[in-house]
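J.: One structure follows; several queries about it will come next.
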Amino acid sequence: MPDAPPEPLAPPLAECQAGRVRLAGAWTVTALSAHGDPLPAGELPTCFDASALGALDTTGALLLVHAEGRCAGAVAWEGLRDEHAELLDLVRRHRHAAAPHADAASVGVLALLGRDTCRRLAEARDILAFLGEACVACWRALLLPHRLRLTPLLANVQRAGFEALPIVGLLSFLMGIVIAYQGGQQLRTYGASLFVVDLVTLTMLREMAVILTAIIVAGRTGSAYTAQIGTMRVTEEIDALRTIGIRPLDLLVVPKIFALVLVLPLLTVYADMMGVFGGMFIADLMFGVSFTEFLQRLEQVVSLRHFLVGVGKAPVFALLIALVGCYQGFKVSGGADAVGRQTTVSVVQAIFLVIVVDAAFSVLFSALRV
Amino acid sequence: MSIEIRNITKRFGAYTALDEVSLDVPAGELVALLGPSGCGKTTLLRIVAGMERPDAGQVLFHGEDATDRHVRERQVGFVFQHYALFQHMSVFENVAFGLRVRPRATRPPEAEIRERVMKLLALVQLDWLAGRYPAQLSGGQRQRIALARALAVEPRVLLLDEPFGALDTQVRKELRRWLRRLHDEIHVTSVFVTHDQEEALEVADRVVVMNRGHIEQIGTPDEVYEHPATPFVYQFLGNVNLFHGRVHAGVADVGGLRVPSPEHDAVEHAAALAYVRPHDIELSRQPGGGALRGTVAEVRPLGPIVRLEVIAAPTGETVEVEITRERYQAETFRSGEVLYLRPRQLRVFVNPAANAAPEPARDFAI
C-alpha cells in the first residue's frame with residue numbers, strides 16, 4: 001500500500017452525472033475511513049470517469065471493483081492513469097484469493113501464550129460447570145430413585161456391558177497369554193516357572209484387566225455417548241427436550257453414568273477371570289504348570305486385597321469415561337463434522353485420563369502399602 | 001397470553017445481535033419476525049423461549065417477568081427449522097413424550113395421553129402416521145409432527161424458528177396456509193421467524209421487520225408493504241427501483257422529475273433517495289408532464305407479469321417496470337423503443353448516508 005502523503009487528503013468523491021460516475025479525491029484507506037464510502041447506493045452508470053482521481057490504494061481499488069459489479073454492464077473507464085489501472089487489475093485478480101489469516105503473520109509468543117491460557121481457562125470453567133450440573137443431576141436421581149429412568153438405564157447396561165462381553169473376554173484372554181508367555185520364558189531360565197502364577201494373577205488383577213477394560217469401554221461406549229449426544233445437539237433435539245420441559249442431563253447423562261459405574265466393575269471381574277485363564281492355559285502348555293498347581297499357587301499368592309485394588313478403580317474409570325463422553329457430546333456445535341471431531345477428542349481424552357488416574361492410583365497404593 | 005419484550009440487548013463478543021429491542025405481542029396474535037439473516041430475529045425468538053439469556057432487558061409473559069424463568073417453566077412450544085424430532089421414537093411417542101416425562105403428580109393417565117395425542121395428530125392431519133418413525137416421513141409431514149409435539153404440552157406461547165425454511169416452495173406454500181388456518185382454530189399467541197417476505201405477509205397478523213439488531217417497522221402486512229417506514233423496509237419487501245436525487249422545500253428532484261414531497265417541507269438542499277415499486281410505474285408512448293424518458297433495454301416475460309428494463313435517459317440508471325401480461329400483449333413494447341415512465345407512487349427519503357440500508361461492503365472499516 002502506498003504511504004499516506006504528508007498533506008491532508010482530499011475527501012473521496014463520486015458523483016453520478018449524465019450517465020457517468022465522476023471520481024475525485026483520494027481513494028485511500030485513511031480518507032475513506034474518515035469520510036465514508038462516497039459511492040451512491042443502487043445501480044451505477046457504466047461509465048467511470050477517473051480523470052480527477054487523486055491517490056488510490058488497494059482499499060479504494062477494491063471498493064471501485066465492487067462498484068463495477070453493481071453496474072448493469074461492463075464498465076468503461078475514462079482518464080484512468082496507468083498506475084491506477086495496474087492497481088485495479090491487481091485487485092480484480094486477487095480479491096477472491098484467500099487472505100492470509102489475520103494473526104498468521106507474526107504473533108508474539110506472549111500473545112499466543114495468553115490466548116492459549118484464556119482458551120484453557122474457559123474450557124476448565126465449562127468442564128467444572130458440566131461436572132457440577134452432572135453431580136446435581138446424579139444427586140437428584142439418588143434422592144428420588146423412583147424418578148430414575150429405568151428403561152434408558154437398562155438399555156445402557158445392555159449396550160455398554162452385555163454387548164461388550166465378547167471383546168473384553170477375548171482381549172483379556174490374549175493379554176493373559178502374552179504376559180504368561182513373555183514372563184514365563186524369563187522365569188524358566190532361573191528354573192522358577194511356578195512364579196508365572198504370581199506374575200499373571202497379580203498383573204491381571206491389579207492392573208491389566210481394569211486398564212484394558214476401561215480402554216475398550218472408552219473406545220466403544222464413551223465414543224458412542226459423544227456421538228449420540230452430539231448428533232442430538234446438531235439436530236436441535238437437545239433444545240427440543242428443554243422446551244418440552246426435560247432436563248437433558250436427567251435423560252441423557254444420568255442413566256449413562258449410572259449404567260457405566262455399574263457395568264465397568266462387572267466387566268473388570270470378567271476380564272480378571274479371562275486373563276487369569278489365559279495365563280493358566282499357557283502355563284500348562286509351555287511351562288509344565290498344571291491347572292491344579294496353578295490354582296494351588298494362586299490361592300497362596302492372591303488375597304482379596306489384590307482383587308479389590310483392581311476392581312475398586314473400575315467405578316472411578318467409569319465415571320471418567322462417562323463424564324468425558326457426555327461432556328464432549330454437549331460441546332458439539334455446528335454440523336456433522338463436529339460430531340466426528342468431538343468423538344475423536346472424547347476417546348483420546350478418556351483413555352488419557354484413565355491412564356493418568358491409574359498412575360496416580362499406583363502412587364497412592366504404594367504409599368498406603370496395599 | 002401476551003408477550004412483552006422490553007429493551008432486550010444481546011451481544012456475542014463484540015457483535016451486537018440485538019440492541020434495545022422492544023416489542024409487544026398481544027394475546028392470540030400471529031406475529032412474524034422478518035429480516036435478512038444475521039438481523040437478530042432468531043436470537044430474539046430464542047430469548048423469548050428462554051434458550052438464550054439477554055444481556056439486558058426483560059421478557060414479560062402476561063405482564064409477569066419471565067426473564068429469569070427457565071425454559072422448562074415458560075410453557076412455550078418451540079418448532080425448529082430442522083424439525084428436531086426424536087429419531088428413535090415413533091411419531092406417536094414423539095408427540096406423547098412431553099406428557100410422558102412429567103412427574104407422576106401432573107402426568108395424565110395413559111388413556112388420556114393416547115386420546116390427546118391422537119387428537120393432535122388429527123389436528124395436523126397425520127393421525128394415520130402414528131406408528132411411523134420420523135425418518136420415514138417427508139419434510140412437510142415432519143414439520144407438522146414437530147408442531148403437534150410442540151402443542152402437546154399445551155403451551156401458552158408457540159414459537160416457530162423458520163418453520164418452513166427447509167421445505168421446497170410448493171410444500172412451503174401449502175404449509176403456511178395450513179398454519180394460518182390452524183392458528184385461526186387454536187388461537188395460541190404465536191411468533192414465527194422468517195426471512196421470506198412473502199411468507200410473512202401472507203401468514204402473519206402483524207409483521208415485525210428487523211435489521212441489524214433493530215426493529216425497523218411493526219405493522220400489519222398491508223401497512224408495512226404500502227407504507228414502509230424506512231428505506232430498508234422498502235427494499236426488503238419486494239423489488240424496488242431506487243433513484244438518487246435532491247430534495248428542497250417540499251419538492252424532490254429525481255432524475256429531472258419534480259415530485260412534490262410535502263413531508264420534507266423543512267428540508268433544504270439535501271440528498272434524497274426515491275423508491276418506486278416496479279408495478280407502480282405507468283408506461284406510455286406519449287410524453288407528458290411528470291414523465292421520465294427511457295429506452296427499453298430488455299423485456300422478460302415472467303409468468304403472469306412481464307418485466308421491462310428501461311434505461312432512464314437523464315441518469316443512465318436502469319429502471320425495472322412490471323406490467324401485466326394482458327397489458328403487454330395489448331401494447332407489445334419492444335426493446336430499443338423509447339417510452340415515458342410516470343411513477344404512480346414514489347417515496348422520498350432524505351439523507352441516504354445516515355439511513356441507507358444495504359451499504360456496499362465496507363472492507364476498510366477499521
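The values are calculated or read from the model by the stated rules, or taken from the named source; none is laboratory data. What you see is a predicted model, and the numbers here were worked out from it, not measured in a lab. Every residue, glycine as well, gets a Cβ built from its backbone with ideal geometry; the counts of neighbours run over all protein chains shown.
J.: Being in contact with a Lys or Arg (Cβ under 9 Å, 6 or more places away or on another chain) and either more than 14 Å from every other protein chain (Cβ to nearest Cβ) or of a type outside the set (Gly, Ala, Ser) (or both) is the filter here; which residues of region A:64-88 pass it?
T.: Listed by number, the residues that qualify are A:VAL65, A:HIS66, A:GLU68, A:GLU78.
J.: Among (1) surrounded by 10 or more Cβ atoms within 10 Å (Cβ to Cβ); (2) under 21 Å from A:VAL263 (Cβ atoms); (3) not basic (Lys, Arg), there is one condition A:PRO145 misses while meeting the rest; what is its number?
T.: (1)
J.: In region B:67-76, what residues are facing chain A (nearest Cβ under 7 Å) and surrounded by 18 or more Cβ atoms within 10 Å (Cβ to Cβ)?
T.: B:VAL71, B:VAL76
J.: Which residues, counting only those in region B:194-239, are surrounded by fewer than 19 Cβ atoms within 10 Å (Cβ to Cβ), β-branched (Val, Ile, Thr) and within 21 Å of A:PRO40 (Cα to Cα)?
T.: Correct list: B:THR230 only.
J.: To continue, here is another question. Within region B:97-141, count every residue that is closer than 28 Å to B:VAL171 by Cβ, assigned to a helix (DSSP H, G or I) and more than 11 Å from chain A (Cβ to nearest Cβ).
T.: Residues flagged as closer than 28 Å to B:VAL171 by Cβ, assigned to a helix (DSSP H, G or I) and more than 11 Å from chain A (Cβ to nearest Cβ) within region B:97-141 amount to 16.
J.: While we're looking at this one, here's another question. Given the residues A:PHE277, A:PHE281, A:PHE307, A:PHE291, which is the only one that is on the phi < 0 side of the Ramachandran plot and free of Cβ contacts under 8 Å to residues at least 60 places away in the same chain?
T.: Within the list A:PHE277, A:PHE281, A:PHE307, A:PHE291, the selection yields A:PHE291.
J.: Of the residues B:SER284, B:SER261, which is more than 25 Å from A:ALA41 (Cβ to Cβ) and either in contact (Cβ under 8 Å) with a residue 40 or more places away in the chain or of a type in the set (Val, Ile, Thr) (or both)?
T.: It is B:SER284.
J.: How many residues are more than 14 Å from every other protein chain (Cβ to nearest Cβ) and among the hydrophobic types (A, V, I, L, M, F, W, C) when one looks only at region A:247-263?
T.: 8
J.: Sticking with this structure for a sec: Of everything in region B:314-326 that's surrounded by 13 or more Cβ atoms within 10 Å (Cβ to Cβ) and of a type in the set (D, E, K, R), which residue is nearest to the other protein chains (Cβ to nearest Cβ)?
T.: By that ranking, first place goes to B:GLU317.
J.: With a cut-off of at least 3 residues that are among the aromatic types (Phe, Trp, Tyr), name the helices (runs of 4 or more DSSP H) lying wholly within region A:206-300.
T.: Because the criterion is at least 3 residues that are among the aromatic types (Phe, Trp, Tyr), the helices (runs of 4 or more DSSP H) in region A:206-300 that meet it are A:254-287.
J.: If you don't mind, there's one more thing I want to ask. Taking only region B:36-70 into account, find how many residues are touching a Ser or Thr at 6+ places or on another chain (Cβ under 9 Å), basic (Lys, Arg) and assigned to a loop (DSSP other than H, G, I, E, B).
T.: Within region B:36-70, residues that are touching a Ser or Thr at 6+ places or on another chain (Cβ under 9 Å), basic (Lys, Arg) and assigned to a loop (DSSP other than H, G, I, E, B) number 1.
J.: Given the criterion surrounded by 18 or more Cβ atoms within 10 Å (Cβ to Cβ), at pLDDT 85 or above and touching a strand residue (DSSP E or B) at 6+ places or on another chain (Cβ under 8 Å), identify the matching residue among B:VAL348, B:VAL338, B:VAL296.
T.: Result of the check over B:VAL348, B:VAL338, B:VAL296: B:VAL296.
J.: Please specify each residue of region B:37-47 satisfying the condition of being under 18 Å from the mean Cα position of the chain (by Cα) and either closer than 17 Å to A:ASP239 by Cα or within 11 Å of chain A (Cβ to nearest Cβ) (or both).
T.: B:THR42, B:THR43, B:LEU44, B:LEU45, B:ARG46
J.: Run down A:GLY275, A:GLY279, A:GLY222 and say which single residue is more than 14 Å from every other protein chain (Cβ to nearest Cβ), closer than 13 Å to A:ASN156 by Cβ, small (Gly, Ala, Ser) and surrounded by 24 or more Cβ atoms within 10 Å (Cβ to Cβ).
T.: Exactly one residue qualifies, and that residue is A:GLY222.
For (1) out of contact with any His (no Cβ under 9 Å at 6 or more places or on another chain); (2) under 25 Å from B:ASP184 (Cβ atoms); (3) surrounded by fewer than 16 Cβ atoms within 10 Å (Cβ to Cβ), each residue gets a yes or a no:
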| site | (1), (2), (3) |
| --- | --- |
| B:PHE12 | yes, no, yes |
| B:LEU18 | no, no, no |
| B:ASP24 | yes, yes, yes |
| B:GLY28 | no, yes, yes |
| B:GLY50 | no, no, no |
| B:GLY57 | yes, no, no |
| B:GLN87 | yes, no, yes |
| B:VAL95 | yes, yes, no |
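J.: Tell me the strands (runs of 3 or more DSSP E) entirely within region B:252-304 that contain at least 3 residues that are closer than 18 Å to B:LEU339 by Cα and either assigned by the TED database to the domain that holds B:THR332 or under 30 Å from the mean Cα position of the chain (by Cα) (or both).
T.: Counting at least 3 such residues, we get B:281-284, B:292-302.
J.: Condition first: outside any strand (DSSP E or B), more than 8 Å from every other protein chain (Cβ to nearest Cβ) and small (Gly, Ala, Ser). Now tell me which residues in region A:13-59 satisfy that.
T.: A:ALA31, A:ALA34
J.: Taking the condition of being over 30 Å from B:ALA152 (Cα atoms), surrounded by fewer than 24 Cβ atoms within 10 Å (Cβ to Cβ), more than 27 Å from the chain's Cα centre (by Cα) and not hydroxyl-bearing (Ser, Thr, Tyr), how many residues in region A:236-272 meet it?
T.: 2
J.: Being of a type in the set (A, V, I, L, M, F, W, C) and under 22 Å from the mean Cα position of the chain (by Cα) is the requirement here; does A:ALA155 meet it?
T.: No.
Table: residues versus (1) in contact with a helix residue (DSSP H, G or I) (Cβ under 7 Å, 6 or more places away or on another chain); (2) of a type outside the set (Asp, Glu); (3) farther than 25 Å from A:GLN228 by Cβ.
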residue: B:HIS62; (1), (2), (3): no, yes, yes
residue: B:ASP65; (1), (2), (3): no, no, yes
residue: B:GLU73; (1), (2), (3): no, no, yes
residue: B:VAL76; (1), (2), (3): yes, yes, yes
residue: B:GLN81; (1), (2), (3): no, yes, no
residue: B:PHE86; (1), (2), (3): yes, yes, no
residue: B:PHE97; (1), (2), (3): yes, yes, no
residue: B:ARG104; (1), (2), (3): no, yes, yes
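J.: Do you know which residues across region B:177-193 are closer than 22 Å to B:LEU126 by Cα, out of contact with any Leu (no Cβ under 6 Å at 6 or more places or on another chain) and buried (at least 22 other Cβ atoms within 10 Å of the Cβ)?
T.: B:LEU179
J.: Looking at A:ALA124, A:ALA137, which is the one that is under 33 Å from the mean Cα position of the chain (by Cα) and without any contact (Cβ under 8 Å) to a residue 60 or more places away in the chain?
T.: From the options A:ALA124, A:ALA137, the qualifying one is A:ALA124.
J.: A further question on this structure: Pairs please, first residue from region B:97-125 and over 26 Å from A:LEU144 (Cα atoms), second anywhere and surrounded by fewer than 15 Cβ atoms within 10 Å (Cβ to Cβ), Cβ atoms under 8 Å, 6+ apart in sequence or on different chains.
T.: B:ARG116/B:PRO108; B:LEU123/B:GLU185; B:LEU123/B:ILE186
J.: Right, something else. Please enumerate the residues belonging to region B:149-189 that are assigned to a strand (DSSP E or B) and within 14 Å of chain A (Cβ to nearest Cβ).
T.: Scanning region B:149-189 gives B:VAL157, B:LEU158, B:LEU159, B:LEU160, B:ASP161.
J.: Right, here's the next one. Scan region A:186-196 and give yes if some residue there is surrounded by 21 or more Cβ atoms within 10 Å (Cβ to Cβ), closer than 16 Å to A:MET274 by Cβ and in contact with a Phe, Trp or Tyr (Cβ under 9 Å, 6 or more places away or on another chain), otherwise no.
T.: No; the residues of region A:186-196 include none that is surrounded by 21 or more Cβ atoms within 10 Å (Cβ to Cβ), closer than 16 Å to A:MET274 by Cβ and in contact with a Phe, Trp or Tyr (Cβ under 9 Å, 6 or more places away or on another chain).
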